[in-house]
Amino acid sequence: MGFINHMFNNNRRKSKPDPKKKVLQPKPVMPSVSDNVQYMREALFHTDDLLSQELAIPGCKNEFLFLYSMCDLSKIRDEILNPVTFLRGVSIEDLLTTMHANKHDNLEEVIDLLLKGNAVLFIEGMTSCYVIEVKASYDRNVAEPSNEKVVEGSHEGFVENLCINLQLVRKHIENRNLVVRRYKLGHETKIEAVVLYMKNLANPDLIEEADHRIRNIDADTITSSEFIEEYIEDTSFSPFPQLLHTERPDRVIGNLLEGRVALLAEGSPTALIFPVTFFAFYQSPDDYSFRSLQGSFIRFIRLISFAIAICLPAYYIAVVSFHYEVIPEDLLLPIKSSVEHIPYPPILEAIFMELTIELLREAGIRLPGPVGQTIGIVGGLVIGDAVVKAGLVSNAMIIVVALTAIASFVVPSHEMSASVRMLRFPVMIAASLFGFFGIVYSVMIILIHLCILESFGTPYLAPIAPLRLKDWKDTIIRYPQWKLKQRSNDPAPQKLQQQHTSEEGQQPND
């Protein structure tokens, strides 16, 4: 019963006091260089990749520390060693200016900076130290994400470097209203995450709620934005995703300009967008690159694929097991001859083939690219032909499973695609037990759950439930751009009007 309550209740996070997180007490820099170095070594448990050496600065006792596994040795040579070598007659203040060193007086903060790839310089008699940025950077090129390819439009994609990702967004939104809020998450990992939103568009209540949920994450291990998702989503036990994953900057930019919020994390190319509705997972940047008629047709095909992927195998099972009278007379004999020699019921036949498709898909992902494609094509052809000749599966079932697999892969979002593939199994079981009634009841349960589900306070099935006809212009179909005069009301933006004349002015969202 508890699981059912989790499934159908909103399970929205309740306001609660912030957890008591472990906070290290500040440790001031000591005048003795040897004491500071000893403290740093003990704090890092005498790790072998912590190196130290004395710089040849006349009349100045010093110690220079860095983690060689995190630092760029060429930067150390060019920005630290060369200035010391060639500027011997310069004062220590001018030398530090040349190194672009920043002053710090808290050893605990210095340790965190050291772990990020900075070098630390301690000088005898000073109660502060200098941190020099020499971090090694191994970033891949800004290329189009392989899992979100488009025919037309931008071919840029996020990478694992947070600064580059922020630059990709700010490059297209040169607006002072674009706000970035930084967070440190994970007691052990201390990953950096950022929340982006438009100050003049995003709902203040949404920003406050997002800030509250993120600050209440009390975990040791946070390594990517996908880890953060389960801590901040409304209903973790729902089969449907409530945050939109994307690696495309243009998709993030479009949602920010509609009043939504994006979350990015260091080390992850995936951005999380919220709040979203069910229909956001069936939209693609291609919808806006094509003209409205073509974009609307493609989007409508995607939405039809949702019903096909969930209900088609169940419909076939129900027809063959209970309702053969709905089969046209011309098809009755071919289908009968195809299934009469199968030694087990249609439900086992369907589950066997669906699991085979899932195994082939998983194998294709895990193997190297060319080999994976070969396994998918050859495996499907060989297994399909072999099981039919062996009398284990009917020809009709092969067709149904193939159409179902194609329909499930039409979804632009991999998270929604996985949800659809998972939901077809309980619907098939219901159809094998109760026929068409089982399909109807299963679909009703799914629709009820979708109506109850929320994403940061936004109804998941909007604008159908609750019904808002004005928002249908960019939901199931897409009107021409000049007809989209208002933003979607789903994220409750501060300003609805996005196209206006000078006489009308910008209308607030009352």
Between LYS495 and ALA363, what FRET efficiency comes out of the Förster formula 1/(1 + (r/R0)^6) with R0 = 41 Å and r the beta carbon distance, rounded to 0.05?
0.25
Cα gyration tensor, the stretch 404-457 - rounded (a/c under 1.5), prolate or oblate
oblate
The stretch 178-260: Rg to Rh, with Rh as the Kirkwood radius over Cα pairs:
0.95
For the chain, what is the relative contact order in percent, using Cα pairs closer than 8 Å and at least 6 residues apart in sequence?
15 percent
Under the rule a/c < 1.5 gives rounded, and otherwise a/b versus b/c splits prolate from oblate, where does the stretch 287-397 land using the Cα gyration tensor?
oblate
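If R0 is 30 Å, what FRET efficiency do you get for ASP112 and ASP205 from their C-beta distance, rounded to 0.05?
0.35
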Extending each Cα 7 Å along its Cβ direction at LYS184 and ASP330, get the distance between those two points in nm, one decimal.
7.3 nm
Relative packing of peptides 383-391, 279-287 - highest average C-beta neighbours within 10 Å first:
279-287, 383-391
Would you list, by chain and number, the aspartates and glutamates whose Cα falls below 16 Å from the Cα of LYS27, excluding same-chain residues fewer than 8 positions away?
ASP35, GLU42, ASP105, GLU108, GLU109, ASP112
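Can you give the charge dipole size of the stretch 253-336 about its Cα centre, rounded to the nearest 20 debye, using +1 on the beta carbon of Lys and Arg and -1 on the beta carbon of Asp and Glu? List each step's numbers first, then the result.
Values: 5 positive and 7 negative charges, 30 e Å.
With only Lys, Arg, Asp and Glu charged at Cβ, the dipole is about 140 debye.
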How would PHE274, PHE322 line up by accessible area, probe 1.4 Å, largest first?
PHE322, PHE274
Placing each pseudo-label 7 Å from Cα in the direction of the beta carbon, TYR344 and LEU484 end up separated by a distance in nanometres of 4.8 nm
For the chain, restrict the atom set to alpha-carbon positions and state the Rg and Dmax in Å.
29.3, 102
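Given a Förster distance of 30 angstrom, what is the FRET efficiency for ARG468 paired with GLN294, based on the Cβ-Cβ distance and rounded to 0.05?
Details: r = 25 Å, r/R0 = 0.84.
Efficiency for this residue pair is about 0.75.
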Under the helix-only model (-39500 (n - 2.57) for each DSSP H run of 4 or more, divided by the residues of the chain), the mean residue ellipticity at 222 nm, to 500 deg cm²/dmol, is -13500 deg cm²/dmol
Sequence order, the stretch 185-194: Karplus ³J(HN,Hα) from phi using 6.51 cos²θ - 1.76 cosθ + 1.60, θ = phi - 60°, Hz rounded, Gly and Pro as x, gives 10, x, 4, 8, 7, 6, 6, 9, 10, 10
Of ILE342, ILE452, ordered by accessible area with the largest first and a 1.4 Å probe, the sequence is ILE452, ILE342
Can you list the HN-Hα couplings for the stretch 159-175, worked out from phi with the Karplus curve (6.51, -1.76, 1.60; θ = phi - 60°), rounded to whole Hz and with x for Gly and Pro?
10, 7, 9, 5, 4, 5, 5, 5, 5, 4, 6, 5, 4, 9, 10, 8, 9
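In cubic angstrom, how much convex hull volume per residue do the alpha carbon atoms of the stretch 389-510 span?
Value for the stretch 389-510: 154 Å³ per residue.
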Using the structure shown, list the pairs from LYS149/LYS485; LYS149/LYS495; LYS116/LYS171; LYS75/LYS103 with a Cα-Cα distance above 24 Å, or answer none.
LYS149/LYS485; LYS149/LYS495; LYS116/LYS171
With the label point 7 Å along the Cα-to-beta-carbon line of SER154 and a cut-off under 20 Å to each amide N, the hits in the stretch 199-214 are 199-202
Would you be so kind as to identify which of HIS100, ALA402, HIS323 lies farthest towards the positive end of the dipole of the chain, taking Lys and Arg as +1 and Asp and Glu as -1 on Cβ and the Cα centre as origin?
HIS323
Calc'd 3J(HN,Hα), the stretch 480-492, phi into Karplus 6.51 cos²θ - 1.76 cosθ + 1.60 (θ = phi - 60°), Hz, glycine/Pro = x, comes to x, 4, 6, 8, 8, 7, 10, 6, 5, 8, 4, x, 6
Normalised contact order of the stretch 43-152, rounded percent, pairs of Cα under 8 Å and 6 or more residues apart
28 percent
Based on Cβ point charges of +1 for Lys and Arg and -1 for Asp and Glu, what charge dipole magnitude is obtained for the stretch 284-420 about its Cα centre, in debye rounded to the nearest 20?
320 debye
Run the paramagnetic zone check for ASN175: 7 angstrom along Cα to Cβ, then residues of the stretch 208-249 with backbone nitrogen under 19 Å.
208, 248-249
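The values are calculated or read from the model by the stated rules, or taken from the named source; none is laboratory data. Note that the coordinates shown come from a computational prediction; the quantities given were computed from them, not determined experimentally. FYI the Cβ positions are ideal-geometry reconstructions off the backbone, even for glycines, and counts take in every protein chain you see. Surface areas here come from the heavy atoms of the whole protein model, side chains and all, with no ligands, DNA or RNA. Shrake-Rupley method; radii C 1.70, N 1.55, O 1.52, S 1.80 Å.
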